[in-house]
Amino acid sequence: MKKIVSTLSFVLVFIFVSCDKISRPIVVKDVVIGSKFITKDNKAVSNSKKVLFEDYTGQRCPNCPDGTSIIDSSLVPTYSSNIVVLAVHAGQLASPFGEFINQDFRTTAGTEWNSQSGFNITSWPTGMVNRKKYGSNDILLNKSAWTSVVPLAFNDPFVLKLDVVTKYDTTVRALNVYVKGTFNQTYTNDVKIIALYTEDGITGIQDKNSVTIDYEFEDMMRNTINGTWGTDLKIKPIAAQDTVNVSFLNFPLPLTINNGKGKSVNDKKVSVVVFAYDAVTREVLQAEKVKIR
């Protein structure tokens with residue numbers, strides 16, 4: 001849920017695009033570092049079909065708060081832990097602007113997913129449900145279609161179970177993610193996996209109907225752990241009951257994002273999101289979310 005704190009007038013004069021380079025090396029070592037681990041997992045909810053809902057949004061998008069209201073008032077209350085919400089700040093309306101909107105919540109992966117080489121998103125807010133077309137709907141959804149399309153996704157087969165364990169060291173801020181995938185049926189294409197982390201309770205400025213307001217952002221994607229398009233989970237042929245284990249070790253959870261322009265990262269409000277997808281169609285097969293502490 002995004003919370004409005006206060007308002008101040010501000011008219012957007014023009015739109016421009018800025019491109020900040022994001023420095024976030026992926027560090028993978030064979031030996032897990034740290035000694036004060038907090039361990040969390042999704043065992044209580046892993047044996048059910050999940051739906052990934054992506055909300056492409058931006059601080060300078062006047063209609064985006066209305067989209068978030070749909071998520072908060074309808075989608076999350078209806079589907080609870082069976083829907084994994086990912087707020088992706090990307091595109092023109094996510095870039096900093098002027099004196100007031102000076103934070104940068106964009107990410108390398110979000111920018112590429114948003115671009116022509118990704119899903120070619122041109123308006124905000126735009127939603128995607130499992131990165132797939134349902135019925136007569138396009139893959140990119142206007143907010144008016146969100147509540148009608150999401151239930152269709154639960155009719156998809158439960159192809160893949162993902163058991164996720166996180167071990168996070170609070171002293172050195174090293175994050176370790178362990179995933180076990182179990183296929184419930186045969187599958188004909190290669191399957192890839194993406195691990196990323198989100199943060200709740202981020203305060204910033206949001207445009208709403210050409211008025212800037214203090215805002216609290218939830219489910220914000222902060223960065224990927226294993227690259228923009230992830231890594232291989234299982235190469236075909238895939239048989240029913242095939243299992244595979246992957247891990248992402250010693251990911252350094254940064255103190256700040258985008259050289260400080262994206263605010264500090266509060267590890268108490270960070271979750272890991274893991275989703276597996278068809279390497280050919282890009283359809284998301286399963287998603288899971290685990291809070292790291």
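The values are calculated or read from the model by the stated rules, or taken from the named source; none is laboratory data. Since we're looking at a predicted model, the values are computed, not measured. Here the Cβ positions follow ideal geometry from the backbone for every residue, glycine too, while neighbour counts run over all protein chains shown.
Please go through segment 96-128 and pick out each residue that is modelled with pLDDT of 95 or more, closer than 22 Å to Pro254 by Cα and of a type in the set (S, T, N, Q).
Thr107, Thr108, Thr111
Going by what's in this entry, would Asn176 be described as at positive phi and in a strand (DSSP E or B)? Full working, then the answer.
Values: at positive phi: no; in a strand (DSSP E or B): yes.
No: the conditions fail for Asn176.
Kindly provide the set of residues from segment 76-95 that are more than 16 Å from the chain's Cα centre (by Cα) and crowded, with 21+ Cβ neighbours inside 10 Å, ordered by number.
Leu93, Ser95
When the residues of segment 201-215 are filtered to those that are in a strand (DSSP E or B) and touching an Asp or Glu at 6+ places or on another chain (Cβ under 9 Å), which remaining residue is nearest to Lys36 (Cα to Cα)?
Going residue by residue through segment 201-215, those that are in a strand (DSSP E or B) are 202-208, 211-215.
Next, from what is left, pick out any that are touching an Asp or Glu at 6+ places or on another chain (Cβ under 9 Å): 202-206, 208, 213.
On the way: Ile202: 26, Thr203: 29, Gly204: 31, Ile205: 35, Gln206: 37, Lys208: 43, Ile213: 39 Å.
Within segment 201-215, the match that is nearest to Lys36 (Cα to Cα) is Ile202.
So which of Ala195, Ala174 ends up being over 16 Å from Leu285 (Cβ atoms), at pLDDT 95 or above and of a type in the set (Gly, Ala, Ser)? Walk me through how you get there before you give the answer.
On the way: Ala195 fails: over 16 Å from Leu285 (Cβ atoms).
Among Ala195, Ala174, only Ala174 is over 16 Å from Leu285 (Cβ atoms), at pLDDT 95 or above and of a type in the set (Gly, Ala, Ser).
Would you mind finding the one in Thr198, Thr182 that is in contact (Cβ under 8 Å) with a residue 60 or more places away in the chain, surrounded by fewer than 17 Cβ atoms within 10 Å (Cβ to Cβ) and either in a strand (DSSP E or B) or touching a Lys or Arg at 6+ places or on another chain (Cβ under 8 Å) (or both)?
Working: Thr198 fails: surrounded by fewer than 17 Cβ atoms within 10 Å (Cβ to Cβ).
After applying the criteria, what remains is Thr182.
Search segment 146-160 for residues being surrounded by fewer than 19 Cβ atoms within 10 Å (Cβ to Cβ) and within 20 Å of the chain's Cα centre (by Cα), and hand back the single one that is nearest to Ser247 (Cα to Cα).
Phe154
For segment 242-278: of the residues being charged (D, E, K, R) and closer than 27 Å to Gln103 by Cα, which is surrounded by the most Cβ atoms within 10 Å (Cβ to Cβ)? Break it down stepwise before answering.
At the first step, the residues of segment 242-278 found to be charged (D, E, K, R) are 242, 261, 263, 267-269, 278.
Remaining after also requiring closer than 27 Å to Gln103 by Cα: 261, 263, 267-269.
Values: Lys261: 15, Lys263: 19, Asp267: 17, Lys268: 11, Lys269: 16.
Once the filter is applied, the top-ranked residue is Lys263.
Failed condition for Gly58, given (1) out of contact with any Cys (no Cβ under 7 Å at 6 or more places or on another chain); (2) of a type in the set (Gly, Ala, Ser); (3) modelled with pLDDT of 95 or more; (4) surrounded by 12 or more Cβ atoms within 10 Å (Cβ to Cβ), with all others met?
The one condition Gly58 does not meet is (1).
Determine which single condition Asn176 fails, assuming it passes every other condition in (1) buried (at least 18 other Cβ atoms within 10 Å of the Cβ); (2) in contact with a Leu (Cβ under 6 Å, 6 or more places away or on another chain); (3) more than 28 Å from Asn114 (Cα to Cα).
(3)
Before we move on, is Glu112 in contact (Cβ under 8 Å) with a residue 40 or more places away in the chain, crowded, with 22+ Cβ neighbours inside 10 Å and acidic (Asp, Glu)?
Working: in contact (Cβ under 8 Å) with a residue 40 or more places away in the chain: yes; crowded, with 22+ Cβ neighbours inside 10 Å: no; acidic (Asp, Glu): yes.
No, not satisfied.
Given the residues Ser271, Ser247, which is the only one that is of a type in the set (Gly, Ala, Ser), in a strand (DSSP E or B) and more than 16 Å from the chain's Cα centre (by Cα)? Quick ask: steps written out before the conclusion?
Numbers: Ser271 fails: more than 16 Å from the chain's Cα centre (by Cα).
After ruling out the rest, the residue left standing is Ser247.
Looking only at segment 207-241, which residues are closer than 13 Å to Val191 by Cβ, within 19 Å of the chain's Cα centre (by Cα), of a type outside the set (Phe, Trp, Tyr) and surrounded by 13 or more Cβ atoms within 10 Å (Cβ to Cβ)?
Taking segment 207-241 and keeping what is closer than 13 Å to Val191 by Cβ, we get 229-239.
Now restrict to residues that are within 19 Å of the chain's Cα centre (by Cα): 229-233.
The next check asks that each one be of a type outside the set (Phe, Trp, Tyr); those that pass are 230-233.
Once the filter is applied, which keeps residues that are closer than 13 Å to Val191 by Cβ, within 19 Å of the chain's Cα centre (by Cα), of a type outside the set (Phe, Trp, Tyr) and surrounded by 13 or more Cβ atoms within 10 Å (Cβ to Cβ), segment 207-241 yields Gly230, Thr231, Leu233.
Looking at segment 72-104, which of its residues are hydrophobic (A, V, I, L, M, F, W, C) and out of contact with any Lys or Arg (no Cβ under 8 Å at 6 or more places or on another chain)?
Leu75, Val76, Val85, Leu86, Ala87, Val88, Phe100
Pick from Val84, Val32, Val45: which is more than 20 Å from Trp113 (Cβ to Cβ) and in contact with a strand residue (DSSP E or B) (Cβ under 6 Å, 6 or more places away or on another chain)? Step through it out loud before you land on a result.
Numbers: Val84 fails: more than 20 Å from Trp113 (Cβ to Cβ); Val45 fails: in contact with a strand residue (DSSP E or B) (Cβ under 6 Å, 6 or more places away or on another chain).
Criteria check complete, one pass: Val32.
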